[in-house]
Amino acid sequence: MRQFTIITLVPVALLGCAAWFGGIWIIAALLYLTGFARLLDRVVLAERAESEFPAGTALSVTLAISHFALLALSVLALAGEWMGLLEKLGLFVAAGMFFGQVSNANAHELIHRSSRLLHRLGMWVYISLLFGHHTSAHVLIHHRYVATRNDPNTSRRGESFYRFALRAWLGSFREGYAAEAARLAKINRPTWRNPYVVYVSGAVGFIVIALLISPLTLLAYVLLAGHAQMQLLMSDYVQHYGLMRPIKENGKPAPIGPQHSWNSPHWFTSAMMLNATRHSDHHAHPTRHYPALRLPEAAPMLPKPLPIMGAIALCPPVWRKIMDPLVDKVSDA
């Protein structure tokens with residue numbers, strides 16, 4: 001458990017100092033989330049086995065609370081006048097990576113928890129990133145329809161990230177709302193009980209608070225939230241690219257298996273993302289806590305760490321040259 005605590009809380013401290021002091025701290029945060037992470041992934045080759053510890057919940061709560069403080073500090077720093085343009089650009093990149101990779105992975109962990117309090121804590125992390133609908137769409141749509149064309153967050157072979165991002169954002173919002181509305185109708189509850197009321201009103205509340213501070217604060221907030229959302233969508237794009245379940249004679253898809261998600265065995269970035277990179281095991285056991293997730297033997301592996309593959313996906317021709325042959329190999333297996 002110690003590795004998760006150290007690896008995820010160090011960037012919290014670095015980003016806090018970066019937003020408050022600027023300068024060298026911004027460089028340190030950027031290097032930690034990029035070059036240092038890549039170096040440790042290459043150097044530490046041993047697979048670290050973890051068992052489930054109660055401390056996993058304490059770390060998730062700590063990260064969620066830290067998220068709100070870092071988001072406020074980062075937005076105020078980006079909208080303030082005490083940093084130069086290059087400092088703001090560096091902070092924007094580093095903070096967006098943290099919110100979209102570490103905070104996203106932690107919120108993802110929390111919305112799968114059976115505790116209502118923990119679930120709502122994860123929900124509010126997503127709402128603060130103007131992405132609250134992911135709470136419903138991920139659980140009700142993605143996990144049910146993953147690796148089929150009915151899942152907006154399953155990327156298709158040959159589909160660029162840019163096309164996927166628009167389709168996934170709109171599709172998950174729409175399908176998540178429909179699923180929640182159907183669930184309410186089934187148990188005969190009024191429409192206003194739909195959690196989308198909270199998602200939208202919560203997002204509006206954050207936007208109003210930012211606007212009351214200044215229009216520039218609002219701009220910084222919306223841009224930073226958008227950056228984090230793209231990081232989140234990139235994870236979905238990479239982890240499911242081209243892997244589709246065959247349709248059986250009865251018209252239903254084959255059961256979800258380890259071959260329907262891309263995984264990453266790289267130690268440092270996996271710990272930084274709370275084992276979200278062990279995606280096949282997560283889909284097989286959605287309520288399993290992150291320290292207990294495993295890498296199934298039959299699970300397909302990404303050739304490089306997930307954040308690196310996300311950067312490659314920004315260049316579709318290079319991405320397809322690397323991934324399409326791997327998709328074909330998995331599909332033919």
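The values are calculated or read from the model by the stated rules, or taken from the named source; none is laboratory data. The structure displayed is predicted, hence computed values, not measured ones. A quick note on method: Cβ atoms are made from the backbone with ideal geometry, for glycine too, and the neighbour counts reach across all protein chains shown. Protein only, heavy atoms only, side chains kept; ligands, DNA and RNA dropped before computing areas. Shrake-Rupley method; radii C 1.70, N 1.55, O 1.52, S 1.80 Å.
Among residues of the stretch 131-145 that are open to solvent by 10 Å² or more (accessible area, probe 1.4 Å), those with a beta-carbon under 6 Å from a residue that is outside any helix (DSSP H, G or I) and at pLDDT 95 or above at least six positions away or on a different chain give the pairs Tyr145/Asp151.
Of the residues making up the stretch 302-332, those that are of a type in the set (Asp, Glu) and surrounded by 14 or more Cβ atoms within 10 Å (Cβ to Cβ) number 1. In the stretch 306-333, the residues that are within 25 Å of Met273 (Cα to Cα) reach residues that are among the polar types (S, T, N, Q) and open to solvent by 60 Å² or more (accessible area, probe 1.4 Å) with C-beta atoms within less than 7 angstrom, at least six apart or across chains, in these pairs: Val330/Gln259. On the stretch given as the stretch 201-225, residues that are in contact with a Gly (Cβ under 8 Å, 6 or more places away or on another chain) and of a type in the set (A, V, I, L, M) total 2. Among the numbered conditions (1) out of contact with any Phe, Trp or Tyr (no Cβ under 9 Å at 6 or more places or on another chain); (2) in a helix (DSSP H, G or I); (3) among the hydroxyl-bearing types (Ser, Thr, Tyr); (4) open to solvent by less than 40 Å² (accessible area, probe 1.4 Å), the only one that Ser201 does not meet is (4). Among the residues of the stretch 278-324, those identified as of a type in the set (Lys, Arg) and not in a loop (DSSP other than H, G, I, E, B) are Arg320, Lys321. When the stretch 105-130 is limited to residues that are over 18 Å from Pro291 (Cα atoms) and of a type in the set (Lys, Arg), the one that is least open to solvent (accessible area, probe 1.4 Å) turns out to be Arg120. None of Leu73, Leu91, Leu110 is out of contact with any Ser or Thr (no Cβ under 9 Å at 6 or more places or on another chain) and not in a loop (DSSP other than H, G, I, E, B) except Leu73. For the stretch 159-170, the criterion of being open to solvent by less than 60 Å² (accessible area, probe 1.4 Å), at pLDDT 95 or above and acidic (Asp, Glu) is met by at least one residue. Checking each residue in the stretch 247-263 for being more than 20 Å from the chain's Cα centre (by Cα) and among the hydrophobic types (A, V, I, L, M, F, W, C) picks out Ile247, Ala254, Ile256. The residues listed here are Thr191, Thr154; of these, the one that is modelled with pLDDT under 95 and either open to solvent by 60 Å² or more (accessible area, probe 1.4 Å) or more than 30 Å from Leu89 (Cα to Cα) (or both) is Thr191.
Looking at the stretch 255-275 only, could you name the residues that are assigned to a loop (DSSP other than H, G, I, E, B) and open to solvent by 20 Å² or more (accessible area, probe 1.4 Å)? If the condition is that a residue be assigned to a loop (DSSP other than H, G, I, E, B) and open to solvent by 20 Å² or more (accessible area, probe 1.4 Å), then Pro255, Ile256, Pro265, His266 are the ones that fit. At least 3 residues being within 22 Å of the chain's Cα centre (by Cα) and under 12 Å from Leu91 (Cα atoms) is the threshold, and among the helices (runs of 4 or more DSSP H) wholly inside the stretch 1-44 those reaching it are 2-21, 24-31. Restricting attention to the stretch 105-125, the residues that are β-branched (Val, Ile, Thr) and at pLDDT below 95 total 0. Restricting attention to the stretch 132-182, the residues being in contact with a helix residue (DSSP H, G or I) (Cβ under 6 Å, 6 or more places away or on another chain), in a loop (DSSP other than H, G, I, E, B) and over 22 Å from Ala254 (Cα atoms) number 3.
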